[in-house]
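As structure tokens, the structure follows; a few thoughts come after it.
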């Protein structure tokens, strides 16, 4: 975190004057967490309605196994979708885990288990070892995914001893090919990629594990083309694969972190070609009602010949959503709601807290007293990412036309001259 989180040092194109430190926003509660209580329909993470014991399922072949309560995390992220359940009533006891293991063994369709919490690596080594060994006995399980933010916020806790325990326990009773075990971590901003984090990733990779990452698309933190591309590139350079860019959940206390889906789509569209495909994650939303992840990736193929692209005009604040299990959700809203009075009072409070205007810019659907939509705040224009600006933001070296080299044949004579001169000089 910057020494002065209210005046952070940022990269070219990140508009530092309109930012607070991204680590501060993620880690420190502000008055904003008490504002905008109207989220509309909530249920994206309503685990109780789809669970047996500590097992939660929405897809045919995979299940989440909660082995740690939410209070076990090494860091309480302010934007967390489960922040509302951070109290003493949330407990994952041994009976709940035993029930979950029983169900996973019963359902032969399940071939992948997401081991999570809370944080899967913030429990006792005894419990972690037991769960992994029990899963190793279930032969139809082929993949284990360990969800943890420990490498980011508590990197020295990633020890060789812990990694060796995971390696041995996960396949102690496996028959045939070993189960594939990988880590899923959570980086939202390149400032979280510290040297301590890099060292923790090296230790994980040394033990044969791969690491993937889920980034949450967060207003005020990484809702910026330069920020996202820099975050994805830097994590990939050290061996962490960008897996998902997640739309922020619509939950009480965090709606000021939500950016419109259209903005995320525009950013993803303009990463195509400019970044390696493996560096570009899938942009998805976990929709309410247990519908699972909805793919939000833009396409360069006008399949229906409507002759419109995602950055042609500002979208409505709602859309129709089609889930993987063939359900249709009409008028789906990704943003929170507020009356104009609530919005103005909230901005006034945060401007006073921050000490200046133009930093707190929540994207909120304004509604009248009857709940009818009026407009969406802070949506007067779309990001401008034409070619020359994109090259500039990515800091690519460019030619006289302002574009990076993509065809060496066109400058082959110049390259030949430089090549043979270098040979002669040697």
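The values are calculated or read from the model by the stated rules, or taken from the named source; none is laboratory data. Treat the numbers as computed from the prediction; the structure is a model and nothing was measured. In this analysis, Cβ positions are derived from the backbone assuming ideal geometry, glycine residues included, and neighbour counts consider all displayed protein chains.
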The conditions are (1) touching a strand residue (DSSP E or B) at 6+ places or on another chain (Cβ under 8 Å); (2) part of a loop (DSSP other than H, G, I, E, B), and residue 329 fails exactly one of them. Which is it? (2)
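Would you call residue 336 under 19 Å from residue 32 (Cα atoms) and at pLDDT 95 or above? Write out each step before concluding.
On the way: under 19 Å from residue 32 (Cα atoms): yes; at pLDDT 95 or above: no.
Taking the combined requirement at face value, the residue does not satisfy it.
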Only residues in segment 226-248 that are at positive phi count as the first member; pair them with residues that are modelled with pLDDT of 95 or more and surrounded by 21 or more Cβ atoms within 10 Å (Cβ to Cβ), Cβ under 7 angstrom, at least 6 apart or cross-chain, and list the lot. 239/201; 239/211
Can you give me the number of residues within segment 399-414 that are touching a helix residue (DSSP H, G or I) at 6+ places or on another chain (Cβ under 9 Å) and outside any helix (DSSP H, G or I)? 6
If the Cβ limit is 9 Å and pairs must be 6+ apart or interchain, which residue in segment 404-426 that is surrounded by 10 or more Cβ atoms within 10 Å (Cβ to Cβ) pairs with which residue that is assigned to a helix (DSSP H, G or I)? 404/391; 405/411; 415/408
For segment 333-365 the number of residues that are crowded, with 19+ Cβ neighbours inside 10 Å, within 15 Å of residue 258 (Cα to Cα) and touching a helix residue (DSSP H, G or I) at 6+ places or on another chain (Cβ under 9 Å) is 9
Segment 52-88, subset at pLDDT 90 or above and outside any loop (DSSP other than H, G, I, E, B), residue surrounded by the most Cβ atoms within 10 Å (Cβ to Cβ): 65
Which one is farthest from the chain's Cα centre (by Cα), of the residues in segment 334-372 that are farther than 23 Å from residue 222 by Cα, outside any helix (DSSP H, G or I) and free of Cβ contacts under 8 Å to residues at least 24 places away in the same chain? 370
Across segment 202-238, what is the total count of residues that are farther than 13 Å from residue 186 by Cβ and assigned to a helix (DSSP H, G or I)? 16
Looking only at segment 244-269, count how many residues are in contact with a helix residue (DSSP H, G or I) (Cβ under 6 Å, 6 or more places away or on another chain) and assigned to a loop (DSSP other than H, G, I, E, B). 2
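Out of the residues in segment 143-170 meeting the condition of being part of a loop (DSSP other than H, G, I, E, B) and touching a strand residue (DSSP E or B) at 6+ places or on another chain (Cβ under 8 Å), tell me which one is surrounded by the most Cβ atoms within 10 Å (Cβ to Cβ).
The first filter runs over segment 143-170 and keeps only residues part of a loop (DSSP other than H, G, I, E, B), leaving 148-149, 154, 158-159.
Then drop every residue that is not touching a strand residue (DSSP E or B) at 6+ places or on another chain (Cβ under 8 Å), which leaves 148-149.
On the way: 148: 27, 149: 23.
Checking each candidate, the answer is 148.
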Among the residues of segment 97-122, count how many are modelled with pLDDT of 95 or more and not in a helix (DSSP H, G or I). 9
